There are 2 protein chains.
Amino acid sequence: MTGYRAFNDMNSFWMEHPGVDDDVVISSRVRLARNSPDFPFSETITVQEERKLLDRVAAIPNRKEENGFEDFDFIDLSLVPVEEKQVLVEKHQISPALAMAQGATGLMINAAETMAVMVNEEDHLRIQSIFPGLSVKDCWEKASAADDMIAHYIPAAFDSRWGYLTSCPTNAGTGMRASAMLHLPAIAMTGQVRRFLGNLPKYGFTSRGLYGEGSVCKGNLFQISNQITMGVSEEEIISQLTDIVESIVNREREMRDILMERERLQLEDRVIRAEALLTHAKLLSVDESFELLSDLRLGIDLGILKQYDPKIFNTLMIQSQVPVLEKFARETRHTQEKMTLLEQNQQRADLIRKKLIGGARS
Amino acid sequence: MTGYRAFNDMNSFWMEHPGVDDDVVISSRVRLARNSPDFPFSETITVQEERKLLDRVAAIPNRKEENGFEDFDFIDLSLVPVEEKQVLVEKHQISPALAMAQGATGLMINAAETMAVMVNEEDHLRIQSIFPGLSVKDCWEKASAADDMIAHYIPAAFDSRWGYLTSCPTNAGTGMRASAMLHLPAIAMTGQVRRFLGNLPKYGFTSRGLYGEGSVCKGNLFQISNQITMGVSEEEIISQLTDIVESIVNREREMRDILMERERLQLEDRVIRAEALLTHAKLLSVDESFELLSDLRLGIDLGILKQYDPKIFNTLMIQSQVPVLEKFARETRHTQEKMTLLEQNQQRADLIRKKLIGGARS
């Protein structure tokens with residue numbers, strides 16, 4: 001429905017480009033919670049006030065020298081149908097909460113989709129940055145630059161004692177959440193998730209599923225992020241998270257080596273079966289496709305499957321989600337009717353089959 | 001180890017040839033229990049007496065006019081290692097009990113393996129005949145001719161009131177068990193096994209799994225046979241069994257039509273997945289291969305898979321059994337070592353994959 005790139009190109013920079021340790025780390029992300037002292041915080045803000053804030057963000061000029069010549073779109077999300085907004089959720093560019101919000105909401109996003117600012121989510125502004133692989137430092141630098149740029153136009157509420165003030169006090173201080181999305185099939189297969197991730201809270205970090213807080217791990221994807229935002233500097237959090245992720249990456253690689261040494265045949269069988277089902281099945285549920293794509297990706301990383309680009313995993317994980325499938329169906333069938341579960345499963349199987357067969361290197 | 005065809009060619013006539021209703025009925029079989037009045041019955045017979053009986057069977061001349069010019073092998077099973085005898089069990093030519101028996105046991109079998117006589121099983125002689133499809137009448141005629149022929153040399157114990165006398169009184173009378181092996185995937189998938197097979201005992205018939213009495217249904221294969229051997233003639237049993245099987249065949253076909261009409265996509269998905277796994281997996285357990293081969297066969301019968309001969313199902317069901325795999329391993333690896341479970345699963349997957357890829361019509 002919209003001409004914006006974010007709705008029409010299903011790939012973001014982080015999905016398509018190589019990164020450090022990207023055999024295990026899919027992507028890194030930093031988000032900064034910021035609020036303007038000129039408006040009430042989200043609990044009491046009116047829609048009219050939200051609109052005023054939105055207009056101020058929309059007025060931030062593109063391509064100015066002091067803005068780093070960044071070329072970004074401003075999207076008024078209150079004009080976008082909810083099903084289109086779900087596409088941005090699946091691309092990890094907006095939160096599920098923002099997609100469902102009733103007020104005046106918006107998104108400022110650059111062309112590569114490495115930087116995005118959600119407007120009127122839980123905080124007035126949520127500045128975020130995503131890069132491929134283990135790159136929390138890059139994310140922090142990008143988000144920090146965006147933060148400085150925006151502060152020219154909308155200064156942030158800051159207290160010398162409490163730091164950045166946020167809607168929820170657990171975010172106050174740095175207002176930062178830094179995270180990395182890890183693919184840990186070997187740790188999961190050997191039943192060692194608790195062993196290797198269970199003690200993260202001791203260090204002020206936590207692990208969750210693909211969709212953030214409260215979500216279950218799917219496709220062996222685990223998001224590791226900081227829990228503490230006060231009493232530590234951004235640089236300390238970034239450095240600690242990088243160390244923690246590196247140590248988990250090493251554990252995952254060790255487990256992969258052990259599996260390849262001790263259970264090579266079973267592993268090959270598992271990977272080859274996943275490939276056979278993904279390239280043949282007529283119906284695939286979300287959960288099954290996640291599991292099979294995880295096995296496929298492991299097979300690519302272990303060199304069992306040589307004909308695929310590992311990045312096809314990222315693309316298919318995003319594109320086989322219901323909102324994205326629905327979007328393609330609307331565009332190709334010119335209908336607004338919701339798909340049945342059977343139709344979704346069929347579309348998903350068709351899409352994955354075609355992309356894998358078409359995407360295999362010959 | 002032996003030069004006999006029965007050990008070296010894994011295919012019998014019933015596996016390779018077409019038959020009536022063979023989209024549902026895999027094979028038919030008739031066996032006649034016979035005993036000689038010259039020897040004690042199996043409970044009290046000595047090994048010396050068993051040997052004498054065996055010698056009399058071994059002396060029945062080949063290719064005589066009165067023997068229907070039949071060309072058969074006589075195999076002294078007491079000279080055959082138990083693992084080789086297991087191969088005959090998998091081919092359904094001897095019973096598991098005969099394979100394990102310690103005494104002087106034997107088998108007379110014709111070249112096409114449509115007729116076989118077990119010697120010193122539960123009865124002195126068990127004359128059996130197998131043909132493809134719904135052919136219990138052909139089986140009865142073949143077994144009856146063999147019975148007449150053998151009676152020239154070894155007359156059977158017969159009582160004008162009790163009929164043929166047998167070791168177990170439940171077999172006395174006709175001494176006949178007639179059966180048909182049915183592949184009923186649609187009845188099984190729609191959960192109607194009990195509905196369509198549950199009332200067989202009312203008519204003096206019963207259903208069992210692939211390996212006869214007490215065995216569990218595997219691969220959706222059900223053996224339907226008569227329970228009653230007294231008070232009814234052979235012809236009546238044959239005619240009733242034929243009618244019953246025909247009615248089950250019609251039910252199975254109706255259920256297949258209904259599934260194709262109402263759940264075509266799910267059915268195609270199931271069949272295509274089975275084919276993908278059978279042609280790609282590196283490891284296959286017996287149980288999984290039975291399930292997948294059943295789905296494959298259904299796909300062939302429904303025209304979803306066009307590139308395979310339906311008879312490949314029979315061949316693969318037999319050849320992927322452990323004793324047959326072990327036999328091939330002994331011959332190709334020249335080792336007497338038993339295979340591990342992992343090796344069995346790998347051998348089975350290799351065999352099925354090669355046969356299916358090699359056996360597909362281009």
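The values are calculated or read from the model by the stated rules, or taken from the named source; none is laboratory data. Treat the numbers as computed from the prediction; the structure is a model and nothing was measured. Methodologically, a virtual Cβ is constructed for each residue, glycine included, from the backbone with ideal geometry; neighbour enumeration extends over all protein chains shown. With ligands, DNA and RNA removed, areas are computed over all heavy atoms of the protein, side chains included. Shrake-Rupley method; radii C 1.70, N 1.55, O 1.52, S 1.80 Å.
For this structure, a couple of remarks:
- Sites residue A:227 and residue A:159 - FRET efficiency at Förster radius 22 Å, r taken between beta-carbons, to 0.05: 0.55
- Distances in nm from residue A:247 to the matching label points in the other copies, shortest first (labels 7 Å along Cα to Cβ): 7.3
- For the range B:29-118, with +1 on Lys and Arg beta carbons and -1 on Asp and Glu, the positive-most of B:111, B:96, B:47 along the dipole: B:96
- Solvent-accessible area of the range A:117-194 (1.4 angstrom probe, protein heavy atoms only): carbon and sulfur portion equals 53 percent.
- Summed over both chains, the contact between A and B buries some 1600 Å² of accessible surface at a probe radius of 1.4 Å.
- Inverting the pair-averaged 1/r between distinct Cα atoms of the protein assembly as shown gives 30.7 Å as its Kirkwood hydrodynamic radius.
- Taking one quarter of the surface of the convex hull spanned by the alpha-carbon atoms of the range A:220-362 gives a direction-averaged projected area of 11.6 nm².
- Residue ranges A:155-162, B:47-54, A:133-140, A:313-320 sort as A:133-140, A:313-320, B:47-54, A:155-162 when ordered by packing (mean number of other C-beta atoms within 10 Å per residue, highest first).
- Mean separation of Cα contacts under 8 Å (6+ apart) over length of chain B, as relative contact order %: 19
- Rounded tilt (10° steps) of B:136-153 against the dominant C-alpha axis of chain B: 20
- For the rotation carrying B onto A, the chain B residue whose Cβ lies nearest the axis, with the distance in whole Å, reads B:276, 2.
- Backbone amide hydrogens, once placed in the peptide plane, bring residue B:27 within less than 5 Å of B:133, B:181, excluding anything fewer than 5 places away on its chain.
- Violating pairs (Cα-Cα greater than 32 angstrom) within the set A:306/B:354; A:355/B:327; A:311/A:338; B:64/B:354; A:64/A:218; A:91/A:282: A:355/B:327; B:64/B:354; A:64/A:218
- With the label put 7 angstrom out from Cα along the Cα-to-Cβ vector, residue A:64 ends up 11.4 nm from the copy partners, going from closest to farthest.
- Taking the Cα centre of the protein assembly as shown as reference, the dipole from Cβ charges on Lys and Arg (+1) and Asp and Glu (-1) amounts to some 20 debye.
- Once the Cα atoms are used to define both axes, helix B:322-333 deviates from the longest principal axis of chain B by about 90 degrees.
- In the range B:268-313, comparing the full protein assembly with the chain on its own, the residues that lose 10 Å² or more of accessible surface at a 1.4 Å probe are B:268, B:269, B:272, B:273, B:276, B:277, B:280, B:281, B:282, B:283, B:288.
- The Kirkwood radius of the range A:280-331, taken over pairs of alpha-carbon atoms, gives through the Stokes-Einstein law at 20 °C and 1.002 mPa s a diffusion coefficient of 179 µm² s⁻¹.
- Note on chain B: with a GNM built from Cα contacts shorter than 10 Å, the maximum mean-square fluctuation among B:56, B:29, B:297 falls on B:56.
- Cα Rg over Rh - chain A, Kirkwood: 0.98
- Cα gyration tensor shape for the range B:232-281, rounded if a/c is under 1.5, else prolate or oblate: oblate
- Placing +1 on each Lys and Arg Cβ and -1 on each Asp and Glu Cβ, with no other charges, gives the range A:225-281 a dipole about its Cα centre of roughly 380 debye.
- Scalar couplings 3J(HN,Hα) for the range B:185-196, obtained by applying the Karplus form with A = 6.51, B = -1.76, C = 1.60 to θ = phi - 60°, are x, 6, 4, 5, 4, 8, x, 10, 4, 4, 4, 9 Hz; x denotes Gly and Pro.
- Basic side chains Lys and Arg get +1 at the Cβ, acidic Asp and Glu get -1 at the Cβ, and with that the dipole of the range A:34-147 about its Cα centre reaches some 60 debye.
- For the range B:37-183, the spread of Cα positions along each principal axis, largest first, Å: 42, 39, 35
- Degrees, to the nearest 10: B:341-359 long Cα axis against longest axis of chain B: 80
- Whole-Å distance, taken between Cα centres, linking the range B:92-108 and the range A:99-170: 80
- Counting only DSSP H runs of at least 4 residues, each contributing -39500 (n - 2.57), and dividing by the residue count of chain B, the helix-based mean residue ellipticity at 222 nm comes to -13500 deg cm²/dmol.
- Across the identical copies, how the residue A:265 labels are spaced - nm, sorted shortest first, 7 Å along Cα→Cβ: 3.9
- The ellipsoid that matches the Cα gyration tensor of the range A:1-70 has semi-axes, each √(5λ) in whole angstrom, of 31, 18, 15, with the longest given first.
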